[in-house]
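Asker: Let me give you the structure first, and then I'll get to my questions.
The values are calculated or read from the model by the stated rules, or taken from the named source; none is laboratory data. Worth saying up front: this structure is predicted, and the values here are computed from it rather than measured. Quick reminder, even Gly has a Cβ in these numbers, built from the backbone with ideal geometry, and neighbours come from all protein chains shown. Ligands, DNA and RNA are excluded from the accessible area calculation, which covers all protein heavy atoms including side chains. Shrake-Rupley method; radii C 1.70, N 1.55, O 1.52, S 1.80 Å.
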Amino acid sequence: MADDDLQQHLNSSIFGPPQTNPDERRHFLGSLRERVAIRVLNQDVEEPSALTAVKNALAKYADQPGFKLLINGKLDPELTAPYMQAASAKNVQFTLVNDGTASLASAAAGILLVASQAINIKDIDLSTPSDVTSPAQKTDKKRGFFGRLFN
């Protein structure tokens with residue numbers, strides 16, 4: 001074995017196999033952003049509109065192979081049970097994720113519908129009235145150096 005191969009083998013034995021985008025995987029329950037069809041944050045899991053949106057997404061993608069529901073296993077089972085039932089009703093696999101990627105923070109991922117391949121959906125979050133910003137609020141955003149000079 002060459003020195004580089006030996007070092008790589010030792011590193012993978014100590015730290016585990018290398019992963020692509022480890023920071024991104026921490027935010028998406030071990031998956032990647034490009035594979036997510038819909039995301040429900042922990043703070044929205046108990047909202048009826050979130051369950052409805054997930055059911056609609058399950059109905060849309062249930063007939064396509066490779067989709068599964070990732071559920072934050074650190075959340076209360078009473079909150080996640082309806083999502084498991086909805087996935088079972090559509091014959092979509094689900095996985096409870098209870099490792100280092102699962103978090104109880106309100107802005108962390110609670111429920112994700114993910115594909116086995118990249119699907120690149122632009123807007124994966126639920127649009128709630130509190131998330132929608134008015135045009136007046138959009139102009140209050142910080143601008144770059146040249147935006148400050150000319151406005």
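Asker: With respect to Leu126, determine if the residue is open to solvent by less than 80 Å² (accessible area, probe 1.4 Å), at pLDDT 95 or above and under 18 Å from Asp44 (Cβ atoms). I'd like the intermediate steps shown before the answer.
Answerer: Details: open to solvent by less than 80 Å² (accessible area, probe 1.4 Å): yes; at pLDDT 95 or above: no; under 18 Å from Asp44 (Cβ atoms): yes.
Against the criterion (open to solvent by less than 80 Å² (accessible area, probe 1.4 Å), at pLDDT 95 or above and under 18 Å from Asp44 (Cβ atoms)), Leu126 does not qualify.
Asker: Another one. Just checking, does the range 86-94 include any residue being outside any helix (DSSP H, G or I), closer than 21 Å to Arg26 by Cβ and of a type outside the set (D, E, K, R)?
Answerer: In the first step, residues of the range 86-94 are kept if they are outside any helix (DSSP H, G or I); the result is 90-94.
Narrowing further to those that are closer than 21 Å to Arg26 by Cβ: 94.
Filter once more, keeping what is of a type outside the set (D, E, K, R): 94.
The answer is yes, given that some residue of the range 86-94 is outside any helix (DSSP H, G or I), closer than 21 Å to Arg26 by Cβ and of a type outside the set (D, E, K, R).
Matching residues to (1) assigned to a loop (DSSP other than H, G, I, E, B); (2) not β-branched (Val, Ile, Thr):
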position: Leu6; (1), (2): no, yes
position: Ser12; (1), (2): no, yes
position: Pro18; (1), (2): yes, yes
position: Ile38; (1), (2): no, no
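Asker: Give the residues of the range 95-126 that are touching a helix residue (DSSP H, G or I) at 6+ places or on another chain (Cβ under 9 Å), outside any strand (DSSP E or B) and more than 16 Å from Phe67 (Cα to Cα), sorted by residue number.
Answerer: Correct list: Gly100, Thr101, Ser103, Leu104, Ala105, Ser106, Ala107, Ala108, Leu126.
Asker: Say whether the condition of being within 20 Å of Ile124 (Cβ to Cβ) and among the acidic types (Asp, Glu) is met by at least one residue in the range 73-83.
Answerer: no
Asker: Going by what's in this entry, would Thr101 be described as surrounded by 15 or more Cβ atoms within 10 Å (Cβ to Cβ), at pLDDT 95 or above, of a type in the set (S, T, N, Q) and under 21 Å from Asn21 (Cβ atoms)? Give the derivation first.
Answerer: Values: surrounded by 15 or more Cβ atoms within 10 Å (Cβ to Cβ): yes; at pLDDT 95 or above: no; of a type in the set (S, T, N, Q): yes; under 21 Å from Asn21 (Cβ atoms): yes.
No: the conditions fail for Thr101.
Asker: Give the range 14-44 a look and list any residue that's farther than 22 Å from Asn91 by Cβ and among the aliphatic types (A, V, I, L, M), or say none.
Answerer: Ile14, Leu32, Leu41 - these are the residues of the range 14-44 that are farther than 22 Å from Asn91 by Cβ and among the aliphatic types (A, V, I, L, M).
A quick yes/no check of all residues on (1) on the phi > 0 side of the Ramachandran plot; (2) part of a strand (DSSP E or B); (3) open to solvent by less than 90 Å² (accessible area, probe 1.4 Å):
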position: Glu24; (1), (2), (3): no, no, yes
position: Gly30; (1), (2), (3): yes, no, yes
position: Glu34; (1), (2), (3): no, no, yes
position: Glu46; (1), (2), (3): no, no, no
position: Val54; (1), (2), (3): no, no, yes
position: Leu58; (1), (2), (3): no, no, yes
position: Pro65; (1), (2), (3): no, no, no
position: Glu78; (1), (2), (3): no, no, no
